[in-house]
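A.B. asks: Quick one: this structure, given as structure tokens, is what I'll be asking you about.
Readers should treat all values here as calculations from the given coordinates under stated rules, not as data from a laboratory. What you are looking at is a predicted structure, and each value in this text was computed from that prediction instead of being measured. Positions of Cβ are backbone-derived with ideal geometry, glycine not excepted, and every protein chain shown enters the neighbour counts.
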Amino acid sequence: MTFNHPSLNAVLDFMIPADHHRGMPGGSKVRIADVLPPDVTEQTLINLAVHLESIVNSHGKELRSLASQEFWEIINSHRQVTDSVVRELGKWLLMAYYTDPRVRDSIGVGARAPFPNGYVVHDGNLELLEQVFERGPIYRKIANDK
């Protein structure tokens, strides 16, 4: 689900602007709600965006009327306050963005999962993997008492 909150959408689009030539959506057009853990709600993200908007407003500006460069100049001029907000929003936005099928197709990694049919593995020289096979497992076995 994408959100329908003007401040949040504006901030997300400043963070990742759309690139129509490559078919890549802006930040507000990806399903960020799909990647949020249960303790992070839509309201949490809205509160973060509104906080950034209040900083913009303190400069006598309106968030939705800013050019991207102007937005980032204001945000960077308040880095002590804005860094944690941008990092928190950015964490969820990047996760949603790079799992979006449109983005994955556009950057050439494909939108489909590698299973159940898997990716095509081209025939090659399996002797190149001999050292890996000979090394054996590289994990530690643990007791599972459950």
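A.B. asks: Once phi is turned into ³J(HN,Hα) by the Karplus curve 6.51 cos²θ - 1.76 cosθ + 1.60 with θ = phi - 60°, what whole-Hz value does each residue of the stretch 53-66 show in order, with x for glycine and proline?
C.D. replies: Along the stretch 53-66, the couplings run 4, 5, 5, 4, 4, 5, 9, x, 10, 9, 3, 6, 9, 7 Hz.
A.B. asks: Taking only DSSP H segments of four or more residues, each worth -39500 (n - 2.57), what value at 222 nm results for the chain once the sum is divided by all its residues, to the nearest 500 deg cm²/dmol?
C.D. replies: Numbers: 6 runs with 66 residues, N = 146.
After summing the helix terms and dividing by the residues of the chain, the value is -13500 deg cm²/dmol.
A.B. asks: Which value in nm describes the separation of the simple spin-label points at Glu88 and His21, placed 7 Å from the Cα toward the beta carbon?
C.D. replies: So the label points at Glu88 and His21 sit 3.6 nm apart.
A.B. asks: Also: If I build a Gaussian network model for the chain, linking alpha-carbon pairs within less than 10 angstrom, which residue out of Glu130, Glu62, Glu70 has the largest mean-square fluctuation?
C.D. replies: The residue with the greatest mean-square fluctuation here is Glu130.
A.B. asks: Taking only Cα atoms, what is the 0 to 90° angle, nearest 10, from helix 6-15's long axis to the longest principal axis of the chain?
C.D. replies: The angle comes out near 60 degrees.
A.B. asks: Let me ask something else about it. Output needed: percent of Cα pairs per 10 Å distance bin for the chain, bins running from 0 to the one holding the longest distance.
C.D. replies: Percent of Cα pairs in each bin: 10, 30, 24, 16, 14, 7, 1.
A.B. asks: Moving to a separate point now. Calculate one ³J(HN,Hα) per residue across the stretch 104-110 by plugging θ = phi - 60° into the Karplus curve 6.51 cos²θ - 1.76 cosθ + 1.60, and present them in order as whole Hz with x for glycine and proline.
C.D. replies: Per residue, the Karplus-derived 3J(HN,Hα) values read 4, 5, 5, 8, x, 9, x Hz.
A.B. asks: List every residue whose amide H lies under 5 Å from the amide H of Ala18, counting only residues 5 or more places away in sequence or on a different chain, with H placed 1.01 Å from N in the peptide plane.
C.D. replies: Gly26, Gly27
A.B. asks: On full extension of the chain, what length is gained from Val81 through Ile107, given 0.36 nm per residue of separation minus the C-alpha to C-alpha distance? Display every interim value, and only then the final one.
C.D. replies: Values: separation 26, 0.36 × 26 = 9.36 nm, distance 3.31 nm.
Value of the extension gain: 6.0 nm.
A.B. asks: So how strong a dipole does the chain carry about its Cα centre when Lys and Arg Cβ are +1 and Asp and Glu Cβ are -1, to the nearest 20 debye?
C.D. replies: On the way: 15 positive and 18 negative charges, 36 e Å.
Computed charge dipole of the chain: roughly 180 debye.
A.B. asks: Taking neighbour Cβ counts within 10 Å as the exposure measure, how do Lys29, Lys61, Lys141, Lys91 sort from fewest upward? Can you show the working numbers first?
C.D. replies: On the way: Lys29 19, Lys61 15, Lys141 6, Lys91 12.
In increasing order of surrounding Cβ atoms, one gets Lys141, Lys91, Lys61, Lys29.
A.B. asks: 7 Å from Cα along Cα→Cβ at both Ala143 and His59: what's the point-to-point distance in nm?
C.D. replies: 6.0 nm
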